[in-house]
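Colleague: Here's a structure for you.
What follows is calculated from the coordinates using simple rules that are stated; it is not laboratory data. These numbers were taken from a predicted model, which means no experiment stands behind them. Neighbour counts are summed over all protein chains in view; Cβ atoms, including those assigned to glycine, are modelled from backbone coordinates with ideal geometry.
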């Protein structure tokens with residue numbers, strides 16, 4: 001009898017245990033279904049409203065790449081921005097972290113998301129001009145923007161004399177190129193109008209576009225607008241364009257010069273300017289990080305490695321590169337047209353990559369050394385520094401400075417301030433900035449010519465000789 005009672009009691013215990021386990025399982029399943037339903041609602045809301053999501057994933061790169069990130073409320077050591085920059089959501093500690101969307105390495109697998117970016121941007125707010133000089137710049141922008149709105153809306157560019165619009169790539173280049181500028185100037189109404197046009201009218205279907213130009217203007221403009229505003233429509237349009245350009249980018253050792261957006265495919269590869277080949281990397285690498293899709297990054301990194309390994313003249317590249325990625329030894333050697341932004345991208349890519357791609361840093365430092373030895377000269381009698389050019393690898397020196405070379409002071413200053421480049425780079429940058437300023441103020445129009453010929457003879461009475469302007 002006792003044994004029977006124990007048997008019954010054991011059966012009851014087992015049944016009760018089964019009931020408890022079943023109830024627990026039902027609760028767990030219900031919780032999972034509820035969470036899944038809520039996540040779907042969140043995803044749907046994100047797609048519909050393009051609201052940014054918070055992300056706390058740590059940046060896997062060098063934490064000192066962007067110290068004193070603007071908009072950081074916790075950074076007491078950062079200099080106050082004259083634009084009163086604020087960030088609503090970034091909690092970035094000084095010298096430690098940066099927004100992960102800028103630097104997160106893309107994975108080897110393609111993003112599974114077909115609608116929204118993987119690394120969702122958070123809004124960065126600017127409060128616009130805070131002094132008279134800044135307001136004058138905003139007014140000048142609005143003067144040009146109002147004319148574009150009135151006479152050329154949706155076209156690539158404004159023709160001011162005929163008061164008409166011009167089509168180059170048929171994708172509203174002026175709008176795409178101006179989005180980030182309008183955001184920084186806090187021109188939210190103008191930005192909203194541009195955003196509406198992008199969402200409703202932007203199509204990439206022109207049969208003949210120049211890769212370099214559409215990357216730096218359209219792809220770069222869309223990605224910048226995305227990072228500032230957090231609006232996913234810009235990331236989606238950027239990926240659409242990036243996908244259509246990839247056959248051209250992956251065409252060979254260097255990319256095609258022109259792409260067909262109506263029928264994306266690899267086109268014939270011919271000779272390029274060095275700037276065209278070496279000034280598409282930042283944008284595609286950023287696209288790779290936004291969507292965590294490494295296929296956008298690998299081809300442009302390979303192109304940059306090819307340019308870096310090609311024979312140079314004491315660290316100086318020539319202005320032209322052939323289909324095999326070799327520099328044409330007879331082409332101009334300098335820092336102006338057809339080569340300028342290649343050098344700019346060396347240091348910026350090194351920063352973008354978290355200061356880990358040391359070949360880029362080496363190529364940049366080698367360039368500056370060669371520039372100092374062969375291209376950096378001083379005028380007479382004012383001793384103004386300028387960067388001239390050579391007629392080929394071993395050609396004669398041309399005593400002139402192109403206006404396009406005025407990018408160099410900013411690049412050199414960036415290298416010193418953010419990349420620990422030698423301090424004398426900053427001294428040279430300051431000297432070149434003064435020269436670029438003088439190229440403006442010494443002209444009756446107040447506008448710098450495209451090229452200024454420099455006097456270096458000891459008996460010269462003025463620093464500048466003749467000048468050439470495209471206008």
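Colleague: So for segment 310-471, averaging the separation of alpha carbon pairs under 8 Å that are six or more residues apart and normalising by length, what relative contact order in percent results?
Modeller: For segment 310-471, the relative contact order is 22 percent.
Colleague: What ranking do 344-354, 292-302 get when scored by the average of other Cβ atoms within 10 Å per residue, highest first?
Modeller: Output ranking for 344-354, 292-302: 344-354, 292-302.
Colleague: If contacts are Cα pairs under 8 angstrom and at least 6 residues apart, what is the relative contact order of segment 200-260 in percent?
Modeller: Once normalised by length, the contact order is 46 percent.
Colleague: To check my understanding: the extent here is largest minus smallest coordinate of the Cα atoms along each principal axis. What are those three numbers for segment 310-471, in Å, largest first?
Modeller: Cα extents, longest axis first: 47, 35, 31 Å.
Colleague: Just want the ordering: 146, 239, 305, from fewest to most Cβ atoms lying within 10 Å of their own Cβ.
Modeller: Working: 146 11, 239 21, 305 15.
By the 10 Å Cβ count, ascending: 146, 305, 239.
Colleague: So what is the relative contact order of segment 388-471, in percent, for Cα pairs below 8 Å that sit 6 or more residues apart?
Modeller: About 26 percent, as a whole number.
Colleague: Something else: Using the basic label-point model (7 angstrom from Cα toward the beta carbon), what is the residue 125 to residue 424 distance in nanometres?
Modeller: If labels sit at residue 125 and residue 424, their model points lie 4.7 nm apart.
Colleague: Using a/c under 1.5 as the rounded threshold, could you call segment 236-311 rounded, prolate or oblate? The axes a ≥ b ≥ c are square roots of the C-alpha gyration tensor eigenvalues, and prolate needs a/b larger than b/c, oblate otherwise.
Modeller: Because a/c hits 1.5 or more and a/b fails to exceed b/c, segment 236-311 counts as oblate.
Colleague: Please compute the length gained on full extension between residue 157 and residue 396, using 0.36 nm multiplied by the number of residues separating them and subtracting their Cα-Cα distance.
Modeller: Difference between extended and current length: 82.2 nm.
Colleague: Using 0.36 nm per residue, how much length does the chain from residue 189 to residue 460 gain when fully extended, once their Cα-Cα distance is taken away?
Modeller: My answer for the length gained is 92.3 nm.
Colleague: On to the next question. Using a Förster radius of 22 Å, what is the FRET efficiency between residue 322 and residue 268 based on their Cβ-Cβ separation? Nearest 0.05, please.
Modeller: Efficiency for this residue pair is about 0.95.
Colleague: For labels at residue 441 and residue 380 in the simple 7 Å Cα→Cβ model, what's the distance in nm?
Modeller: Using points 7 Å along Cα→Cβ, the separation is 2.5 nm.
Colleague: Per-residue counts of other Cβ atoms within 10 Å, averaged by peptide: what ranking do you get for 367-380, 399-412, 443-456, 218-231, highest first? Show your work: numbers first, answer last.
Modeller: Working: 367-380: 17.9, 399-412: 21.9, 443-456: 15.9, 218-231: 24.2.
Ranking, from highest mean packing down: 218-231, 399-412, 367-380, 443-456.
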